[in-house]
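The structure appears right after this line, and notes come after that.
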Amino acid sequence: MARVIWVEILSRGGQVVARHRCAGPELRIGRSYQSDVIIDDPAVAPDHLHVTRGEDGAILVVAASANSPFAIHGERRERDLVDGDTVLRIGHTSLRIRDETYAVPAAAGIVEPKPLWFALSLVNEFQERGERALAAIGGTSLADTEIEMKLNVSLGAAWSVTT
């Protein structure tokens, strides 16, 4: 059974916008309907890239013709070995080629957002603390004092009083 190769189409910010699963000894990338992965980019040739595996399992990318090179880190190439982190540029499209052995990071923990009432209760609590601090240093009222409140619901809150 042929090993699977994944082609990821990336946004300008490097985020994955599409993934294509391809199985077989070779895959073709281009604008043509004969391609395994079709790229909707007028600057991409109908048959732009061929992707194969070496005997050692390494992924080899080859330009289909001298008129359809690709770039890695802005450097023009016609053939190169790539790993799962290599970003290729063809036309105006960025893509990454990975196989099923690529190790993905562990799942990120989900942080539940705090309800608005929690944030408001923190503001009230720090306002009361500010008034107590003013009384302790001999201040008369909050109207005579600047209070700087920094509220970050996920991390707590901080305040300072200046007279």
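Nothing in this text is a laboratory measurement; each read-out follows from the coordinates by a stated rule. Note that the structure is predicted; figures quoted are calculated from it, not measured. Cβ: placed from backbone, ideal geometry, glycine included. Neighbour counts: every protein chain shown.
For S32 and A103, compute 0.36 nm times the residue count separating them, minus their Cα-Cα distance, and round to one decimal in nm.
My answer for the length gained is 22.4 nm.
Bin width 5 Å, alpha-carbon pairs only: give the P(r) of region 1-115 as whole percents, running from 0 to the bin holding the largest distance.
Final binned percentages: 2, 11, 22, 25, 18, 9, 5, 3, 3, 2, 1, 0.
Output the peptides 96-103, 48-55 sorted from most to least packed, where packing is the average of other Cβ atoms within 10 Å over each peptide's residues. Provide the component values of the computation, followed by the final result.
Working: 96-103: 14.5, 48-55: 17.1.
Top of the packing list down: 48-55, 96-103.
If packing is taken as the mean number of other Cβ atoms within 10 Å per residue, what is the order of 35-42, 88-95, 76-83, 104-111, highest first?
Numbers: 35-42: 16.8, 88-95: 18.5, 76-83: 13.5, 104-111: 5.9.
So the order, starting with the most tightly packed, is 88-95, 35-42, 76-83, 104-111.
Relative contact order, percent, of region 1-117 when contacts are C-alpha pairs under 8 Å separated by at least 6 residues?
Dividing the mean separation by the residue count of region 1-117 yields 22 percent.
Rounded to whole Å, give me the distance from the Cα center of region 1-78 to that of region 84-100.
Taking the Cα centre of each part, region 1-78 and region 84-100 sit 7 Å apart.
Local charge sum around Y102 (other residues, Cβ-Cβ under 15 Å, Lys/Arg +1, Asp/Glu -1)?
Net charge in that neighbourhood comes out at +1.
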